[in-house]
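*Asks:* I have a structure here, written as C-alpha cells, and I will follow up with some questions on it.
The values are calculated or read from the model by the stated rules, or taken from the named source; none is laboratory data. Keep in mind that this is a model prediction, so the values were computed, not measured. Using ideal geometry, Cβ is built from the backbone for each residue, glycine included, and neighbour counts are taken over all protein chains shown.
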C-alpha cells in the first residue's frame, strides 16, 4: 500500500480532489520501489495572482528526499505538473544509477 499523506491548508478539499491527488501520486510509487512515502500539501497563494493554486510534494526515498512545488490556476493542474516533475527526477536518478553500474 502506498503511504501518501494529504493536507489541504486553509480549505476543505473535496473527496474528488483527494482521490485525484492520491491516484496521480500513487503512479510515482509504481516507477520507483525505493519511495517510502509521499507528503502532498495543497494551498492557495496571494489572492492577486491568477496562478495561486499551489501543490507541494515531498517524496521520501531511501537515502534522499525529492521536493517539488508547482503553482497553476487549478489544484489539479498543479498536481499534474508536480507529478511530471517528480517523474523526470526519478527517471534521471535511475539512468544515472544505470550508467554508474555500466562504468564499473
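*Asks:* Kindly indicate whether residue 97 is within 30 Å of residue 11 (Cα to Cα), over 15 Å from the mean Cα position of the chain (by Cα) and at pLDDT below 90.
*Replies:* Working: within 30 Å of residue 11 (Cα to Cα): no; over 15 Å from the mean Cα position of the chain (by Cα): yes; at pLDDT below 90: yes.
Taking the combined requirement at face value, the residue does not satisfy it.
*Asks:* For the range 14-44, what are the residues that are assigned to a loop (DSSP other than H, G, I, E, B), out of contact with any helix residue (DSSP H, G or I) (no Cβ under 8 Å at 6 or more places or on another chain) and touching a residue at least 12 places away in the same chain (Cβ under 8 Å)? Give the steps one after another, and end with the answer.
*Replies:* Let us first name the residues in the range 14-44 that are assigned to a loop (DSSP other than H, G, I, E, B), namely 14, 32-34.
Of the ones still in play, those that are also out of contact with any helix residue (DSSP H, G or I) (no Cβ under 8 Å at 6 or more places or on another chain) are 14, 33-34.
Result: 34, single match.
*Asks:* How many of the residues making up the range 41-60 are surrounded by fewer than 18 Cβ atoms within 10 Å (Cβ to Cβ) and within 21 Å of residue 89 (Cα to Cα)?
*Replies:* Result for the range 41-60: 3.
*Asks:* Out of all the residues in the range 57-71, is one or more under 12 Å from the mean Cα position of the chain (by Cα), without any contact (Cβ under 8 Å) to a residue 12 or more places away in the chain and assigned to a strand (DSSP E or B)?
*Replies:* Yes, the range 57-71 contains a residue that is under 12 Å from the mean Cα position of the chain (by Cα), without any contact (Cβ under 8 Å) to a residue 12 or more places away in the chain and assigned to a strand (DSSP E or B).
*Asks:* May I ask you to list the residues in the range 4-13 that are in a loop (DSSP other than H, G, I, E, B) and surrounded by fewer than 12 Cβ atoms within 10 Å (Cβ to Cβ)? Spell out the reasoning first.
*Replies:* Of the range 4-13, the ones in a loop (DSSP other than H, G, I, E, B) are 9-13.
The answer is 9, 10, 11, 12.
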